[in-house]
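**Student:** Please see the structure below; I have some questions.
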Amino acid sequence: MTGSLDTARRIIADARAQGARTLSEYDSKQVLAAHGVPVTAEHLADDADGAARAAEKIGYPVVLKGNAPDLAHKTEAGLVEVGLADEAALRDAAARLLSKLPAGGGLLVQEMASGKREFLLGMTRDAQYGPCVTFGLGGIFAEALKDTVLRLTPVSETEALSMMDEIRAAALLGPYRGMPEADRDALARAIAGVSAAAVAHPEIAEIDVNPVIVADGGRPVAVDALVVLTSD
Ligand code: ADP
Ligand code: MG
């Protein structure tokens with residue numbers, strides 16, 4: 001899935017016209033993919049039949065989520081089901097999620113990224129310095145360890161590579177306990193992509209990509225993303 005810049009602009013304009021404060025996960029990823037951030041293969045669906053067709057295209061196991069604008073914490077809302085191994089498991093999960101979806105929400109079927117290492121990418125706008133990009137350790141330990149580094153935009157791929165060396169958990173990017181080395185160049189393109197999105201779209205107030213999973217062969221993939229829009 002690679003959205004174009006025009007698609008990204010249209011998604012942001014439509015969301016603003018509808019008064020949304022944050023883009024849905026699907027739309028957030030389309031916007032980021034347009035700037036080179038690698039994201040999960042995924043499709044939207046309205047019901048269990050549509051979800052089953054999407055899963056067939058992606059290949060099992062899949063992840064099923066609720067997808068809607070202004071939905072920031074899906075796990076807390078019971079809207080994330082990972083590791084669905086076959087169509088029966090997918091249909092069971094779809095039945096559970098459909099009963100909890102917020103109004104106007106849909107189902108999001110996506111590839112299950114297998115990998116234990118989780119990183120995060122982010123962007124915030126500083127009143128004085130402008131957009132800043134963060135990279136660091138993601139997943140459930142992120143808040144406890146606060147192992148992140150920050151750069152002013154624009155962040156080039158070369159500068160992104162140096163960010164990776166600066167986190168305390170840098171060794172996790174190397175070959176680690178039988179896991180392959182992370183594809184640093186691909187991760188650098190992802191970091192530079194978040195920077196490019198911030199520069200291209202002043203209507204984006206904040207970007208939160210957590211986690212980026214280091215999947216098969218060291219390939220980084222954003223499995224979650226949240227784009228927050230400015231309120232003016
Ligand atoms: P939340 O809105 O609660 O942050 P996420 O989309 O980040 O929801 O999903 C919660 C967790 O589920 C992630 O932190 C990750 O560990 C796991 N997860 C989500 N999507 C995938 C995926 N496509 N492949 C593998 N693991 C996933
Ligand atoms: Mg998340």
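**Student:** Could you let me know the centre-to-centre spacing of the range 155-232 and the range 12-30, using Cα atoms, in angstrom?
**Tutor:** The range 155-232 and the range 12-30 have Cα centres separated by 21 Å.
**Student:** Determine the equivalent ellipsoid of the range 46-142 by diagonalising the alpha-carbon gyration tensor, then write out the semi-axes as square roots of 5 times the eigenvalues, largest first, rounded to whole Å.
**Tutor:** Numbers: eigenvalues 176, 59, 26 Å².
Ellipsoid semi-axes (Å, largest first): 30, 17, 11.
**Student:** Shifting gears a bit: What part of the accessible area of the chain, given as a whole %, is carbon or sulfur when the probe is 1.4 angstrom? Mind dumping the intermediate values first?
**Tutor:** Details: 5570 of 10920 Å².
That share works out to 51 percent.
**Student:** Which whole-number percent of Cα pairs in the range 117-229 have a distance greater than 17 Å? Please list the in-between numbers first.
**Tutor:** Values: 3175 of 6328 pairs.
Summing the P(r) of the range 117-229 above 17 Å gives 50 percent of all pairs.
**Student:** Give me the accessible area per residue for the range 41-111, probe 1.4 Å, as a whole number in Å².
**Tutor:** Numbers: 3430 Å² over 71 residues.
I get 48 Å² per residue for this part.
**Student:** Enumerate the whole-percent occupancy of each 10 Å bin, from 0 to the last occupied one, for all C-alpha pair distances of the chain.
**Tutor:** Spelled out bin by bin, the chain gives 8, 33, 36, 20, 3, 0 percent.
**Student:** Filter the DSSP H helices in the chain by two things, a Kyte-Doolittle mean of at least 0.0 and an axial alpha-carbon span of 20 angstrom or more, and list the hits by number.
**Tutor:** For the chain, where a helix must reach 20 Å along its axis and average at least 0.0, the hits are 184-200.
**Student:** To continue, here is another question. Given a 1.4 angstrom probe, what's the average accessible area per residue across the range 117-229, in square angstrom?
**Tutor:** 45 Å²
**Student:** By how many nm would the segment from ASP47 to ASP70 grow when fully extended, if each residue of separation counts as 0.36 nm and the alpha-carbon distance is taken off? Spell out each step's value before the answer.
**Tutor:** Numbers: separation 23, 0.36 × 23 = 8.28 nm, distance 2.07 nm.
Contour length minus Cα-Cα distance gives 6.2 nm.
The values are calculated or read from the model by the stated rules, or taken from the named source; none is laboratory data. What you see is a predicted model; the values in this text were computed from it and never measured. These area figures cover heavy atoms from the full protein model, side chains too; ligands, DNA and RNA do not enter into them. Shrake-Rupley method; radii C 1.70, N 1.55, O 1.52, S 1.80 Å.
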